[in-house]
Every structure is written in C-alpha cells, then in structure tokens.
Amino acid sequence: MNTDTPTHAQLVVAEYLQVLERHAEQEVYPGSLRDLPYPKETIRQAFETAARALVAAGRMDDEMGDYLEVAYVSLADYLDDELARLMREYRSAGEALAAQAGAPRERVGTSAWELVSAQSRLAGEIARAVSDEADALRREFRAWRAAAVGGG
C-alpha cells in the first residue's frame, strides 16, 4: 500500500486503530507484531502522511491530535511474539503473586514467585526498550504536527 498518499495512509491508520481499539477492549498488552494489519514501518509512514494532511487541511484539533498521538505511541507496545508472550506471562505471574493471601514468606517458592524472580531483569530491559521507543514515537509525532502547522 502506498502510504505517501493521504487517502491510502488514512486507510492504513484506520485499520491499525481498529486493532488497537480491539486490543484495548480485550486488555491485550503487550500486543504481538503479527496482530498488526501492516508492518510497523508502514504504519509509521502512514501516520506521518495522515497527520501532516490533517493538520494542513485544518482538521486536526487538540482532541484529534491527542488521540492520534496516543495511538501512534502505542505502536511501541507491539513486540515480536516471544517478547510479547514473556511480558504477558510476567504480568500474569505478578498479578497472581499480588493476589495470593498470606505473608510474603508464604509466597516465596510458588511458581508465580519463581517466574517473577527469574524474569524480572529481562522484563525490565524489555519495558525500558518499549519506553524508549514510545518516547521516540511521541517526539516524531509532535515534530510532524509542529512542522505541518508551521508549513514545513
């Protein structure tokens, strides 16, 4: 799909937004790259084209801009299958551990404790990488928006 034309770009963005909204309703986090309707780079290019076109046409108010920015930044939450699976397992184990009754000593040695202990460093590294990507995506989106407003 040609993401250089606003019409095609808006179709790509709309398909991505549908996936994103469905995943939000189902509380899928993080998502798998294979669930995206297009490769991440295609979606990124489409967002740039669509955002610039909306600003140039005077159709991007603050509410629309904030919504699209959050959606664009959410691309960082889509990981390869193995990393997404690991992060979901880690989150589930943490939730199970927090929900267990009893003293903390009683939780040590449970399968949830073992998983959290074994994967905490890796999960932290993945979370840091997701956060860094989200920050970069946020800066990109804001730069496109500012450039389009400024006529660039």
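The values are calculated or read from the model by the stated rules, or taken from the named source; none is laboratory data. Note that the structure is predicted; figures quoted are calculated from it, not measured. Reconstructed Cβ throughout: ideal geometry from the backbone, glycine too, with neighbour counts over all protein chains shown.
Quick notes on this one:
- Of all residue pairs spaced 6 or more apart or on separate chains, those with beta-carbon atoms under 7 Å, a first member in region 19-48 that is among the small types (Gly, Ala, Ser) and a second member that is buried (at least 18 other Cβ atoms within 10 Å of the Cβ) and assigned to a loop (DSSP other than H, G, I, E, B) are Ala46/Thr3.
- Just one of the listed residues (Ala57, Ala118) is under 30 Å from Gln10 (Cα atoms), of a type outside the set (D, E, K, R), loosely packed, with under 13 Cβ neighbours inside 10 Å and at pLDDT below 95, and it is Ala57.
- Region 128-144 residues that are farther than 13 Å from Val70 by Cα, paired with ones that are modelled with pLDDT under 95 and acidic (Asp, Glu) (beta carbon under 7 Å, 6 or more apart): Trp144/Glu48
- Any hit, region 129-144, residues being at pLDDT below 90, outside any loop (DSSP other than H, G, I, E, B) and surrounded by 11 or more Cβ atoms within 10 Å (Cβ to Cβ): yes
- Residues within region 61-89 that are touching a Leu at 6+ places or on another chain (Cβ under 7 Å), in a helix (DSSP H, G or I) and among the hydroxyl-bearing types (Ser, Thr, Tyr), tallied: 2
- Of all residues in region 66-95, those satisfying the criterion of being under 19 Å from Ala24 (Cα atoms) and of a type in the set (Gly, Ala, Ser) are Ala71, Ser74, Ala76, Ala84, Ser92.
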